[in-house]
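Inspection log for the structure reproduced underneath, given as structure tokens.
The values are calculated or read from the model by the stated rules, or taken from the named source; none is laboratory data. A quick note: this is a predicted structure, and the numbers were derived from the prediction, not measured. All Cβ positions, even for glycine, are placed from backbone atoms using ideal geometry, and neighbour counts span all protein chains on display.
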Amino acid sequence: MSSEFLNYTQTNSETSDISAEPSADPAHFKADALVVFLESDGLRGPLIEIDKSTGGLLQQLFQQGELTGKRYECISLYAPNGLACKQLLIVGIGSCEEVHAGVLYEASGAAARRLSGQPRATVGFLADGTWSNEKLEQAVAGSIMGVAGQDLYRSEKHQTPFEKTVWLQAPVEVVQRGSIIGEGVKLARRLVNMPPDDLYPETFAEEAATIAGRVGLEIEIWDQARLERERCQALLAVARGSTRAPRIVLMHYRGPGCNDASPRVALVGKGVTFDSGGLSLKTSEGMLAMKCDMAGAAAALGAIASIAALKIPIHVVAAVGLVENMTGGNAYKLGDVVTARSGTTIEIHNTDAEGRVVLADVLDVVADLKPSCIIDAATLTGACMVALGRDIAGIFTNNQAYCDVLENAATSVGERVWQLPMDKDFDSQIFSDVADIKNVGDGRLGGAITAAKLLERFVRNIPWIHVDIAGPAFADKPRPSIAGGGTGSMVRSFIEFAKRIASLKLDE
Ligand code: BES
Ligand code: MN
Ligand code: ZN
């Protein structure tokens, strides 16, 4: 049985589709390539059958050390005897005790990335019946995500999506869910990879409208005039240095069977489509990757789109603040005092600390909607990368119970997060001599925390988690599953968070 699933990010130029064959015989499966997963402890599960069909070849290669099962090692056997596929790709997933969902996401991503180096009609992935549904979902997500690279503007593509992706010995519903999760990641990655002259506040809002149409989300787009009426003077101050007009986009999803008592999650994203630093200008080197400064907004959009396509029974609102931080003659200046929508006055000490100024207003807009909790994602501080490196997001909260849910959700899908403190003594670091607060701390130390402290002032007392994705949002080196560029950081965690909140009672 084969069925086509909703690929809501699919454009006309992409024709890939995904299906599940729950009871297919992998040895007789005709495909350009068949992907199988190998543990470093040796052959097990579905590999036993494959090995038998090949007359014990895999076992022999493993014993000779040609196959190791080391994580993300990809070994291809061409025209394998006894199998109907043209190529068997064996991807390593490491020790069986450490095969969590994130490893399977990376492994099938690595296999998909490798195989997408050439056009292929049909690629099969062989599931292991002992995997949990969650593991299988993430493995499928990786197989969808991994075929997309940084080819948007290349005349000769380095990667081509498969015409057909087929998951063998996997339940249809799980494959469908995994593919929807993969589409969300792919969407976020594509937006991050778009050059800033093509993706700016207005065009980001148009992309959001297109996606909202495909998955059936209600969408509000606030233009300059509306932002002025709403007194979003902080966001507008940042936008003033650019010829591109700012936007706030709000998307609403109401899950099936939800009522007014159902939990309502707000996802907020920093959408600085390019961060030059403003008058506190960045160096050329520091500016190069700053098209990625809308990755938080991309994560919020990717996540709500997938949550809607998955029909998770929960309310979600996604709100993104879209601006370009530039140096035009009307740019906001050091020493300026801006009055945020909440009435709080902010003295500007550094125009490069613009993300928190934008989010001050977006968080206030969202707080008006009285959600049960707010999560924001932002490429907020270089200081967070100094603290945690490139691959780990910093998380900050005013509510430990919700933060624990997010932490567990992230861990379960293999995204790395680490909580940083929000102790009271940091509050005074953003006090200003002339306004309520200033937009930087005293000096650079603890910079990720002082940034979070500013945001905290705008969420009133609503349970809130801030995720600083300055490190993980953008890969400047390739990794097994990704060519480089946007990673779709936090999309999978946010989807998993929504799932868990939908089925959980929290003591507040
Ligand atoms: N968008 C940057 C943070 C960033 C840096 C993201 C590197 C991804 C990679 C943010 O707007 C910024 O410039 N932050 C300043 C704050 C400082 C002026 C207090 C920083 O981290 O240097
Ligand atoms: Mn900046
Ligand atoms: Zn920024």
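Please tell me if residue 24 is closer than 30 Å to residue 311 by Cα, in contact (Cβ under 8 Å) with a residue 40 or more places away in the chain and crowded, with 19+ Cβ neighbours inside 10 Å. Spell out how you get there, then give the answer.
Details: closer than 30 Å to residue 311 by Cα: yes; in contact (Cβ under 8 Å) with a residue 40 or more places away in the chain: yes; crowded, with 19+ Cβ neighbours inside 10 Å: no.
When the stated conditions are applied, residue 24 does not pass them.
Which number in (1) among the acidic types (Asp, Glu); (2) crowded, with 24+ Cβ neighbours inside 10 Å; (3) within 16 Å of ligand 1 (Cβ to nearest atom) marks the one condition that residue 496 misses?
(3)
Might you check whether a residue that is crowded, with 22+ Cβ neighbours inside 10 Å, basic (Lys, Arg) and either closer than 27 Å to residue 496 by Cβ or at pLDDT 95 or above (or both) occurs anywhere in region 117-129? Quick ask: steps written out before the conclusion?
Residues of region 117-129 crowded, with 22+ Cβ neighbours inside 10 Å: 123-127.
From what is left, the residues that are basic (Lys, Arg) are none.
No - not one qualifying residue is present in region 117-129.
Given the conditions (1) more than 25 Å from residue 141 (Cα to Cα); (2) at pLDDT 95 or above; (3) away from ligand 2 (no atom under 14 Å from the Cβ), report the number of the one that residue 315 does not fulfil.
Residue 315 satisfies every listed condition except (1).
Mind counting the residues in region 263-288 that are within 11 Å of ligand 3 (Cβ to nearest atom) and either of a type in the set (A, V, I, L, M) or crowded, with 19+ Cβ neighbours inside 10 Å (or both)?
Total meeting the criteria: 10.
Which condition does residue 340 not pass, out of (1) at negative phi; (2) within 16 Å of ligand 2 (Cβ to nearest atom), if it passes all the others?
Residue 340 satisfies every listed condition except (2).
Could you check, for region 367-375, whether at least one of its residues is in contact (Cβ under 8 Å) with a residue 12 or more places away in the chain, away from ligand 3 (no atom under 16 Å from the Cβ), within 23 Å of residue 249 (Cα to Cα) and acidic (Asp, Glu)? Please lay out each step first, then the result.
So the first thing to find is which residues in region 367-375 are in contact (Cβ under 8 Å) with a residue 12 or more places away in the chain, and the list is 367, 369-375.
The next check asks that each one be away from ligand 3 (no atom under 16 Å from the Cβ); those that pass are 367, 369-375.
Pick out the ones that are also within 23 Å of residue 249 (Cα to Cα) and you get 367, 369-375.
Subset that is acidic (Asp, Glu): none.
No, there is no match, as no residue in region 367-375 is in contact (Cβ under 8 Å) with a residue 12 or more places away in the chain, away from ligand 3 (no atom under 16 Å from the Cβ), within 23 Å of residue 249 (Cα to Cα) and acidic (Asp, Glu).
Does residue 296 satisfy the criteria of being within 16 Å of ligand 2 (Cβ to nearest atom), part of a helix (DSSP H, G or I) and buried (at least 24 other Cβ atoms within 10 Å of the Cβ)? Outline the logic, then answer.
Numbers: within 16 Å of ligand 2 (Cβ to nearest atom): yes; part of a helix (DSSP H, G or I): yes; buried (at least 24 other Cβ atoms within 10 Å of the Cβ): yes.
Considered against the rule, which asks whether it is within 16 Å of ligand 2 (Cβ to nearest atom), part of a helix (DSSP H, G or I) and buried (at least 24 other Cβ atoms within 10 Å of the Cβ), residue 296 comes out as yes.
Looking at (1) out of contact with any strand residue (DSSP E or B) (no Cβ under 6 Å at 6 or more places or on another chain); (2) of a type in the set (Phe, Trp, Tyr); (3) crowded, with 18+ Cβ neighbours inside 10 Å, which is the one condition that is false for residue 396?
It is condition (1) that residue 396 fails.
Can you tell me which residues in region 236-284 are over 30 Å from residue 405 (Cα atoms), in contact with a Gly (Cβ under 8 Å, 6 or more places away or on another chain) and aliphatic (A, V, I, L, M)?
Passing the criteria: 238, 279.
Specify the residue that is farthest from ligand 2 (Cβ to nearest atom); the eligible residues are those in region 263-293 that are within 14 Å of the chain's Cα centre (by Cα) and aliphatic (A, V, I, L, M).
Within region 263-293, the first condition is being within 14 Å of the chain's Cα centre (by Cα), and the residues that meet it are 267-271, 292-293.
When the remaining residues are screened for being aliphatic (A, V, I, L, M), the result is 267-268.
Details: 267: 21, 268: 17 Å.
Out of the qualifying residues, it is 267.
Is it true that residue 305 is within 16 Å of ligand 1 (Cβ to nearest atom) and farther than 23 Å from residue 233 by Cα?
Working: within 16 Å of ligand 1 (Cβ to nearest atom): no; farther than 23 Å from residue 233 by Cα: yes.
Answer is no for this residue.
For residues that are buried (at least 20 other Cβ atoms within 10 Å of the Cβ), in contact with a helix residue (DSSP H, G or I) (Cβ under 8 Å, 6 or more places away or on another chain) and small (Gly, Ala, Ser), tally how many sit in region 226-262.
3
Looking at (1) surrounded by 15 or more Cβ atoms within 10 Å (Cβ to Cβ); (2) over 18 Å from residue 398 (Cα atoms), which is the only condition residue 444 fails?
Every condition holds for residue 444 apart from (1).
Give me the residue from region 186-206 that is without any contact (Cβ under 8 Å) to a residue 24 or more places away in the chain and either among the small types (Gly, Ala, Ser) or closer than 24 Å to residue 361 by Cα (or both) and, out of that set, surrounded by the fewest Cβ atoms within 10 Å (Cβ to Cβ).
Residues of region 186-206 that are without any contact (Cβ under 8 Å) to a residue 24 or more places away in the chain, as a first pass: 197-198, 203, 206.
Still in the running and either among the small types (Gly, Ala, Ser) or closer than 24 Å to residue 361 by Cα (or both): 203, 206.
On the way: 203: 17, 206: 14.
Among those residues, the one meeting the criterion is 206.
For the list (1) in a loop (DSSP other than H, G, I, E, B); (2) at negative phi; (3) in contact with a Ser or Thr (Cβ under 6 Å, 6 or more places away or on another chain), I need the number of the one condition that residue 84 fails.
Just one mismatch for residue 84, condition (3).
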